[in-house]
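Worksheet: one structure, shown below.
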Amino acid sequence: MLFRNKRESRRFQFTKREIENIPPHDPDSPSTEQEWSDIECRGLRLSVTKQGRKFFCHRYTINQRKRTIRIGEFPAISLQEARQMVNANKNLIAKGIDPAVEVEKQKTDLTFQEFSETQYLPHAKENKKSWHCDHRIIHNDMIPVFGKYTLAAITKRDVQKYLDSI
């Protein structure tokens, strides 16, 4: 498929090769992303940024409300995995469960301290040379302020207040 004609449909059957051939979104456009739809899997969308990054998302309607869940970035999430996730979300929707609410519940269960100790710091140890600096900052500065709060309870205002106090 050639992506040169601006009038062309943005709906086609996703394949790995076709997705790789989608160009970055026009840098002069007022919108930040361009969206493409999969014909095979209803609700599966691909957002392409001006930098050329590509993200799978699922658009759906539940309780007469339109919702969107970002699934993940291509190619870290394969097309097959994205379709499986959309189908899993459709199963939840059929049962009357909003997948976005389920994702939020999983995020809100952890406190900042639990998240930093069980998820962030182990990841930092494996992927960062300066993980010991992160460990020191989190344990000495951030956990005393945010440690007992769930992740969803920490607002932008809280973070800004913390940064202003430094």
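Observations on the model:
- Among the listed options (i) -0.77; (ii) -0.55; (iii) -0.69, the one matching log10 I(q)/I(0) by the Debye sum over Cα atoms at q = 0.12 Å⁻¹ as calculated from these coordinates is (i).
- Among 62, 97, 137: highest mean-square fluctuation, GNM of the chain, C-alpha pairs under 10 Å: 137
- Accessible surface of the chain [probe 1.4 Å, protein heavy atoms]: carbon and sulfur percent: 49 percent
- With contacts taken as Cα pairs under 8 Å and at least 6 residues apart, the chain reaches a relative contact order of 13 percent.
- With the simple model of a label 7 Å out from the Cα in the direction of the Cβ, residue 39 to residue 139 spans 5.8 nm.
- Residues whose amide H falls under 5 Å from that of residue 71, counting only those 5 or more places apart or on a different chain, are 56, 57, 58, with hydrogens built in the peptide plane.
- Solvent-accessible area per residue, Å², over the chain with all protein chains present [probe radius 1.4 Å]: 71 Å²
- Using θ = phi - 60° and Karplus 6.51 cos²θ - 1.76 cosθ + 1.60, couplings along segment 57-64 (whole Hz; Gly, Pro as x): 9, 10, 9, 8, 10, 9, 6, 6
- Using θ = phi - 60° in the Karplus curve 6.51 cos²θ - 1.76 cosθ + 1.60, the 3J(HN,Hα) couplings for segment 148-159 round to 8, 7, 5, 4, 5, 7, 7, 9, 4, 5, 4, 5 Hz; x is entered for Gly and Pro.
- Remark: segment 18-27, residue by residue, has Karplus-estimated 3J(HN,Hα) of 5, 5, 4, 7, 5, x, x, 5, 4, x Hz, where x stands for each Gly or Pro and the curve is 6.51 cos²θ - 1.76 cosθ + 1.60 at θ = phi - 60°.
The values are calculated or read from the model by the stated rules, or taken from the named source; none is laboratory data. No experiment lies behind these values; they were computed from the predicted model shown. In this analysis, Cβ positions are derived from the backbone assuming ideal geometry, glycine residues included, and neighbour counts consider all displayed protein chains. With ligands, DNA and RNA removed, areas are computed over all heavy atoms of the protein, side chains included. Shrake-Rupley method; radii C 1.70, N 1.55, O 1.52, S 1.80 Å.
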